[in-house]
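K.L.:
If you scroll down you'll find the structure; I have some questions about it.
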Amino acid sequence: MVKPDLSVALGPLRLKNPVIAASGTFGYGTEFLPFLDLSELGGLVVKGLSLEPRVGNPPPRIVETPAGMLNAIGLQNVGVDAFVREKLPALAGYDTVVLANVFGETEEEYALACARLDGAPGLGAIELNVSCPNTEAGGMIFGNDPIALGRVTRACRRSTRLPLLVKLSPNVTDIREGARAAEAEGADALSLVNTFVGMAVDVDRRRPVLANVAGGLSGPAIRPLAVWMTWQASRAVKIPVVGMGGILTARDALEFILAGASAVQVGTANFIQPDACIRVIRGLEDHLTSRGLSSIREIVGTLETGEGRRS
Amino acid sequence: MPQDFTAPVLSNIDLGHRNFLLEFAAADVASATEPGQFFMIGIPHADILLRRPFSVCGVPGTFDESEAGRLQVLYKCVGAGTDLLATLKEGARLHVLGPLGRGFSMPDSPRSRPLLVAGGIGSAPFPALARSFLAAGIIPRMIYGARSAADLPLLDWFRKSCSDVLVTTDDGSHGTKGLVTAPLADLLAADGKDTIVYACGPEPMLRAVARLTIGAGVPCELSLEAHMACGFGVCLGCVVPTRTGPSGDTGYERVCVEGPVMRAERLAW
């Protein structure tokens with residue numbers, strides 16, 4: 001029996017399979033070496049990087065909520081330079097695509113960070129984080145405003161030859177506006193969604209559970225919202241869309257793929273089950289095999305909707 | 001090297017007052033688990049998403065009846081996760097990840113005199129640690145504090161295994177009324193020479209113990225607790241403020257990787 005072809009393309013970026021470990025849930029990659037072979041992954045996105053290192057928010061930073069979790073890590077990271085010097089070389093021996101997630105406080109910071117990453121050995125692509133809800137610096141001001149988002153995309157596009165993904169915020173009225181703006185300014189692909197802003201209250205202490213008050217909601221709780229936005233965005237643009245939001249299993253991933261995602265990212269599941277990405281890849285393979293399909297690309301965006309349903 | 005495995009519950013003993021001692025099979029990692037390390041434990045198909053961290057309480061040899069290839073954790077029901085854990089019977093399956101983190105360090109000097117300071121369920125990591133000392137021919141001392149007599153799990157075991165177990169309770173229902181810091185201060189003042197303090201309990205207690213031991217120039221290791229999603233260093237949810245730089249700059253370090261056991265002077269509380 002011939003194994004089904006799981007490879008996909010995100011513009012100029014080729015992935016051996018459509019499963020990418022999501023930023024903020026996969027450290028700098030090497031933390032997962034005890035649990036899986038990084039070479040089996042379609043790709044991995046490292047923790048969001050800024051020009052300078054950041055210490056992040058005070059604890060408590062996370063809390064479990066129904067079918068999900070809130071986090072307010074505050075983009076703690078080693079900074080772009082230390083990443084290139086100390087973290088990236090450790091990933092050199094693995095046959096997977098390494099994506100750097102980048103954020104800044106200004107257009108210039110984004111562009112400078114992209115420029116420093118351009119040409120970094122072993123780096124496959126850049127994902128712009130214009131959607132972290134937990135810090136002033138997290139780019140949310142760009143994610144909330146299609147014009148600003150277009151400008152920052154353009155600035156980064158000029159700073160790097162690497163394939164460029166733009167990660168969209170779901171905390172908007174219409175996901176399609178940002179999607180179109182990023183496409184118009186040269187994004188090679190979109191990834192969505194980042195976390196939804198949420199809040200949990202400690203009733204006994206009459207305080208917010210998180211020191212940051214608000215946090216980003218992830219996990220299965222957001223999956224239907226994320227699938228819907230993936231469906232909307234993928235129909236609004238011509239560039240490929242990477243879907244994410246609460247994917248735990250291959251069936252969850254297939255929801256996004258059928259709704260229009262060319263690839264998916266697995267996030268919160270990595271915390272719960274360190275080899276979650278591998279399980280999703282195997283499940284996709286089994287799904288294709290059992291249906292006699294030769295390639296995952298055959299089913300991208302093949303959702304069948306009845307006549308007269310809203311689009 | 002941590003492992004991710006499915007383990008059957010071997011026993012889940014109700015110690016009373018919402019305290020439980022859970023034993024599970026861990027053939028591949030039990031003998032490599034060090035006192036102070038922890039496990040992330042989840043319940044398959046439960047409505048709880050994240051695993052929860054538990055310090056190892058017993059490794060092979062800790063309890064008289066304990067056998068090879070088994071581990072014990074001591075826990076108190078404090079929320080949905082532990083309430084559900086308490087319902088599990090022998091044979092139920094657990095998703096176990098571990099051993100994780102850095103455990104306690106054994107003293108360099110044979111003259112060292114360990115003193116365990118526990119607050120309530122914070123006694124959880126100390127049976128395994130006490131047994132390591134006993135195996136090295138050292139009998140640890142202990143101060144065991146809690147809110148009331150109901151919150152002193154395994155007190156009888158500690159009385160058998162440690163010398164001079166001093167008990168304090170907030171309400172005076174057992175031992176001396178008050179906090180662990182009173183006997184600790186007395187002990188450090190009267191007989192602190194060669195003492196090494198190992199403390200685990202609520203954060204206010206750990207802060208107070210850190211202040212006292214640093215003031216007395218006595219080495220002290222704290223076993224910390226924090227909410228965490230992953231347990232292996234990627235969620236960055238469990239951080240504590242620490243002095244990380246050479247000049248005492250403060251930053252955050254992960255309880256799950258740089259801890260859960262940290263030297264008292266490292267914490268920037």
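K.L.:
Taking segment B:8-28 as the region of interest, how many residues are surrounded by 21 or more Cβ atoms within 10 Å (Cβ to Cβ) and either of a type in the set (Gly, Ala, Ser) or within 14 Å of another protein chain (Cβ to nearest Cβ) (or both)?
P.N.:
Going through segment B:8-28 one residue at a time, the tally reaches 1.
K.L.:
Test of understanding: among B:Val117, B:Val73, B:Val78, which residue is under 30 Å from A:Val203 (Cβ atoms) and touching a Leu at 6+ places or on another chain (Cβ under 7 Å)?
P.N.:
On inspection, the qualifying residue turns out to be B:Val73.
K.L.:
Follow-up. Residue check, A:Leu210 against (1) in a loop (DSSP other than H, G, I, E, B); (2) within 26 Å of A:Ala276 (Cβ to Cβ); (3) under 16 Å from the mean Cα position of the chain (by Cα), all met but one. Which one?
P.N.:
Against the list (1) in a loop (DSSP other than H, G, I, E, B); (2) within 26 Å of A:Ala276 (Cβ to Cβ); (3) under 16 Å from the mean Cα position of the chain (by Cα), A:Leu210 comes up short only on (3).
K.L.:
Residue check: is A:Gly267 within 14 Å of chain B (Cβ to nearest Cβ), touching a residue at least 12 places away in the same chain (Cβ under 8 Å) and either more than 30 Å from B:Pro2 (Cα to Cα) or crowded, with 22+ Cβ neighbours inside 10 Å (or both)?
P.N.:
In short, yes.
K.L.:
Kindly indicate which of A:Gly292, A:Gly301 is in a loop (DSSP other than H, G, I, E, B) and under 20 Å from the mean Cα position of the chain (by Cα).
P.N.:
Unique residue meeting the criteria: A:Gly301.
K.L.:
What number of residues within segment B:44-62 are away from chain A (no Cβ under 14 Å) and touching a helix residue (DSSP H, G or I) at 6+ places or on another chain (Cβ under 7 Å)?
P.N.:
7
K.L.:
Answer yes if at least one residue in segment B:241-255 is part of a loop (DSSP other than H, G, I, E, B) and under 16 Å from the mean Cα position of the chain (by Cα), and no otherwise.
P.N.:
yes
K.L.:
Here are some residues: A:Leu36, A:Leu15. Which one is at pLDDT 95 or above and surrounded by 21 or more Cβ atoms within 10 Å (Cβ to Cβ)?
P.N.:
One residue alone meets the criteria, A:Leu15.
K.L.:
Hey, another quick one. So, in segment B:205-240, of the ones that are part of a helix (DSSP H, G or I), under 23 Å from B:Pro35 (Cα atoms) and not hydrophobic (A, V, I, L, M, F, W, C), which residue ends up nearest to the other protein chains (Cβ to nearest Cβ)?
P.N.:
B:Arg207
K.L.:
Mind checking which residues of segment A:29-44 are out of contact with any helix residue (DSSP H, G or I) (no Cβ under 9 Å at 6 or more places or on another chain) and facing chain B (nearest Cβ under 9 Å)?
P.N.:
Of everything in segment A:29-44, those that are out of contact with any helix residue (DSSP H, G or I) (no Cβ under 9 Å at 6 or more places or on another chain) and facing chain B (nearest Cβ under 9 Å) turn out to be A:Glu31, A:Pro34.
K.L.:
Confirm whether A:Ala276 is within 14 Å of chain B (Cβ to nearest Cβ), crowded, with 21+ Cβ neighbours inside 10 Å and either at positive phi or not polar (S, T, N, Q) (or both).
P.N.:
Yes; evaluated as a whole, the condition is true for this residue.
The values are calculated or read from the model by the stated rules, or taken from the named source; none is laboratory data. As the structure is a computational prediction, the values presented were derived from the model and not from experiment. Counting neighbours? That spans all protein chains shown, and the Cβs are built from the backbone with ideal geometry, glycine included.
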